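The values are calculated or read from the model by the stated rules, or taken from the named source; none is laboratory data. Just so it is clear, the structure is predicted and the values come from calculations on it, not from any experiment. Note that each Cβ is placed from the backbone with ideal geometry, even for glycine, and that neighbours are counted across all protein chains shown. These area figures cover heavy atoms from the full protein model, side chains too; ligands, DNA and RNA do not enter into them. Shrake-Rupley method; radii C 1.70, N 1.55, O 1.52, S 1.80 Å.
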Amino acid sequence: MRVGIVGGGEGWHRHQLEASFIERGVAVNYYPVTQLSTSLVTGSEQVCSGGKSLLDCRILMVRTIPGGSLEQIIFRMDVLRRLQDQGLKIYNSPLTIERTVDKYYTTSLLAAAGLPTPPTVVTEDYHEAMTAFHKLGGDVAVKPLFGSLGKGIVRVESLDLAYRVFRALTMGNYIYYLQQFIQHDNWDIRAFVLGDKVLAAMTREGQGWKTNIALGAKATWRSLSAQEEQLALNAAAVLDADYAGVDLIYSQDGYLYVLEVNGIPGWQGLQTVCTVDITGAIVDYVLHKG
């Protein structure tokens, strides 16, 4: 058996996965996502990256879909879907990645399933965005539709700042994704879901309101309550994720929300505060299922 890892370059997660697969006697190929190419001939299609065929693999692990033009993103996702059509097992699936890479799509599906999410407005119209700012209490998190690690998220809590930020977004032809800011004392929860269980969880405490480990937040191991665990499992299930990073947040009045679900989650920070071999568990899961 050969497993492929699709990613954006060198990185801790790639090397951890490679080492874990090799330890289990499984050959691994690495495929740069920015070098994907296809050759179309009647009745067949070849898909390569870096001169290597992805069809030599039975399982693909997707580690990143880096930013790019609309055409680049669509092509990369189309390639993953076509590989799935040709029998490759992909983790997470292209459908799950599509659902989780887009904050609007994620929030919409979670809300439709009845899971608690912060009140959110998404619009292309500046005037609707300004109206939503007031309706959401005059304190909102403005997030890029595509993004991770807390980058590009701005808290807007005054009318003057809303005017400047929203005008800037208009000039760049961006979508307004406005989410009511949840007062949370600078901490939240990341639960790592694998299959039908929460593998590990941590509390993330930031120096400010952003709690991403990549931005310097402190991680501590957390034993989830039954409510927290079930909410994390439900969120991953709604998005049909084999594994996911589910972010949960308590408001100051004690209400628990699903903030985000990451379908290509990292676990480097979580691994530092738990004894579970997260990489090994993921590898065992995909080998058993795939």
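Looking only at the range 24-62, count every residue that is touching a residue at least 24 places away in the same chain (Cβ under 8 Å) and either outside any helix (DSSP H, G or I) or open to solvent by 30 Å² or more (accessible area, probe 1.4 Å) (or both) and tell me the total. Reasoning before the result, please.
Step one: of the range 24-62, the residues touching a residue at least 24 places away in the same chain (Cβ under 8 Å) are 24, 26-34, 36, 38, 45, 47, 49, 54-62.
After this cut, where a residue has to be either outside any helix (DSSP H, G or I) or open to solvent by 30 Å² or more (accessible area, probe 1.4 Å) (or both) as well, the list is 24, 26-32, 34, 36, 38, 45, 47, 49, 55-62.
Number satisfying all stated conditions: 22.
For the range 7-23, the set of residues classified as free of Cβ contacts under 8 Å to residues at least 60 places away in the same chain and touching a Phe, Trp or Tyr at 6+ places or on another chain (Cβ under 9 Å) consists of Gly7, Arg14, Glu18, listed by residue number.
Check whether at least one residue in the range 215-230 is assigned to a loop (DSSP other than H, G, I, E, B) and among the β-branched types (Val, Ile, Thr), and report yes or no. Can you show your working first?
At the first step, the residues of the range 215-230 found to be assigned to a loop (DSSP other than H, G, I, E, B) are 216-217, 222-225.
Going one step further and asking which of them are among the β-branched types (Val, Ile, Thr), we end up with none.
The answer is no, given that none of the residues of the range 215-230 is assigned to a loop (DSSP other than H, G, I, E, B) and among the β-branched types (Val, Ile, Thr).
Restricting the search to the range 231-257, which residues are in a loop (DSSP other than H, G, I, E, B), of a type in the set (Asp, Glu) and either open to solvent by less than 30 Å² (accessible area, probe 1.4 Å) or more than 27 Å from Thr279 (Cβ to Cβ) (or both)?
Pass one, the range 231-257, residues in a loop (DSSP other than H, G, I, E, B): 239-242, 251-255.
Subsequent filtering for residues that are of a type in the set (Asp, Glu) retains 240, 242, 253.
Selection gives Asp242, Asp253.
Please tell me if Arg190 is in contact with a Gly (Cβ under 7 Å, 6 or more places away or on another chain) and not in a loop (DSSP other than H, G, I, E, B). Against the criterion (in contact with a Gly (Cβ under 7 Å, 6 or more places away or on another chain) and not in a loop (DSSP other than H, G, I, E, B)), Arg190 qualifies.
Scanning the range 5-19 for residues that are within 16 Å of Asp284 (Cα to Cα) and aromatic (Phe, Trp, Tyr) turns up nothing.
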